[in-house]
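Trainee: Mind looking over this structure? Questions follow.
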Amino acid sequence: MAVDELDTRILRLLIEQPRTSVREYARLLGIARGTLQARLDRMERDGVITGTGPTLSPAALDHPVLAFVHVEVTQGHLDAVGDALAAVPEIIEAFSITGGGDLMTRVAARDAGHLEDVIQRLIQIPGVVRTRTEVALRERVPHRLLPLVESVGRSAAAQR
């Protein structure tokens, strides 16, 4: 789906001012509310906008330890292991990957002992061969999409 300059401006406002009303967004952008709503609906339908909920902090939820756990899976068991991972609340993301493992998970834990307990739970899942864990020390670039959105918008403008 192509994102144009107006879409980029809309997305920037959604990221920078997520609690603003549609009416106020339209006023700030200098466009009709109906135009804005049509753009938002299209971007949701096309999967550009995938949610509108709050961003939560695992650390503020008493889970300050962040680790990336690579999971090696027996061939043919990737879907079953993925389903089992979804049942572990401390796993906040999981991806199929290439390279040194089959799945990479992002795990939030209360402390090192809790992280060990989570890893022990993972290696008990049928189809899991082994895990490899890397503990994050400090976040250097927080999750962000605005630079990507702006890059896409600039590319769209340059193509016109």
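Trainee: Please find, among 58, 142, the residue that is surrounded by 15 or more Cβ atoms within 10 Å (Cβ to Cβ) and closer than 30 Å to residue 10 by Cβ. Walk me through it before giving the result.
Mentor: Working: 142 fails: surrounded by 15 or more Cβ atoms within 10 Å (Cβ to Cβ).
Selected residue: 58, the only one of 58, 142 that is surrounded by 15 or more Cβ atoms within 10 Å (Cβ to Cβ) and closer than 30 Å to residue 10 by Cβ.
Trainee: Take residue 40 and decide whether it is closer than 22 Å to residue 146 by Cβ and part of a helix (DSSP H, G or I). Spell out how you get there, then give the answer.
Mentor: On the way: closer than 22 Å to residue 146 by Cβ: yes; part of a helix (DSSP H, G or I): yes.
Answer is yes for this residue.
Trainee: Looking at segment 43-55 only, could you name the residues that are in a helix (DSSP H, G or I) and surrounded by fewer than 15 Cβ atoms within 10 Å (Cβ to Cβ)?
Mentor: Here is the first cut: in segment 43-55, the residues in a helix (DSSP H, G or I) are 43-45.
Matches in segment 43-55: 44, 45.
Trainee: Looking at segment 56-75, which of the residues that are in a loop (DSSP other than H, G, I, E, B) and without any contact (Cβ under 8 Å) to a residue 40 or more places away in the chain is nearest to residue 136 (Cα to Cα)? Show your work before the answer.
Mentor: Just the residues of segment 56-75 that are in a loop (DSSP other than H, G, I, E, B), to begin with: 56-58, 62-64, 74-75.
Then keep just the ones that are without any contact (Cβ under 8 Å) to a residue 40 or more places away in the chain; that gives 56-57, 75.
Working: 56: 18, 57: 15, 75: 29 Å.
The selected residue is 57.
Trainee: Could you please find all residues in segment 76-96 being buried (at least 18 other Cβ atoms within 10 Å of the Cβ) and among the hydrophobic types (A, V, I, L, M, F, W, C)?
Mentor: Listed by number, the residues that qualify are 81, 84, 85, 91, 94.
Trainee: Can you go through 152, 129 and tell me which one is farther than 19 Å from residue 90 by Cβ and in the same structural domain as residue 67 (by TED's automatic domain parsing)? Quick ask: steps written out before the conclusion?
Mentor: Numbers: 152 fails: in the same structural domain as residue 67 (by TED's automatic domain parsing).
Going through 152, 129 in turn, the sole match is 129.
Trainee: Quickly run through segment 106-143 and pick out the residues that are over 30 Å from residue 18 (Cα atoms), in a loop (DSSP other than H, G, I, E, B) and free of Cβ contacts under 8 Å to residues at least 12 places away in the same chain. Walk me through how you get there before you give the answer.
Mentor: Going through segment 106-143, the residues over 30 Å from residue 18 (Cα atoms) turn out to be 111-135.
Filter once more, keeping what is in a loop (DSSP other than H, G, I, E, B): 111, 124-127.
Across segment 106-143, the qualifying residue is only 124.
Trainee: I'm checking my understanding of the structure. Among residues of segment 144-160 that are free of Cβ contacts under 8 Å to residues at least 40 places away in the same chain and part of a loop (DSSP other than H, G, I, E, B), which one is nearest to residue 109 (Cα to Cα)?
Mentor: Top of the filtered list is 144.
Trainee: Hey, another quick one. Quick check on segment 98-114: of everything there that is closer than 14 Å to residue 70 by Cβ and not small (Gly, Ala, Ser), which residue is surrounded by the most Cβ atoms within 10 Å (Cβ to Cβ)?
Mentor: Checking each candidate, the answer is 107.
Trainee: Just give me the residues in segment 17-37 being part of a loop (DSSP other than H, G, I, E, B), in contact (Cβ under 8 Å) with a residue 12 or more places away in the chain and exposed (fewer than 13 other Cβ atoms within 10 Å of the Cβ), in sequence order. First the steps, then the outcome.
Mentor: Looking only at segment 17-37, we keep the residues that are part of a loop (DSSP other than H, G, I, E, B), and these are 17-21, 30-32.
In the following step, the residues that additionally are in contact (Cβ under 8 Å) with a residue 12 or more places away in the chain were identified as 18, 31.
The one that is part of a loop (DSSP other than H, G, I, E, B), in contact (Cβ under 8 Å) with a residue 12 or more places away in the chain and exposed (fewer than 13 other Cβ atoms within 10 Å of the Cβ): 18.
The values are calculated or read from the model by the stated rules, or taken from the named source; none is laboratory data. Remember, it's a predicted structure, so these values are computed and weren't measured experimentally. Methodologically, a virtual Cβ is constructed for each residue, glycine included, from the backbone with ideal geometry; neighbour enumeration extends over all protein chains shown.
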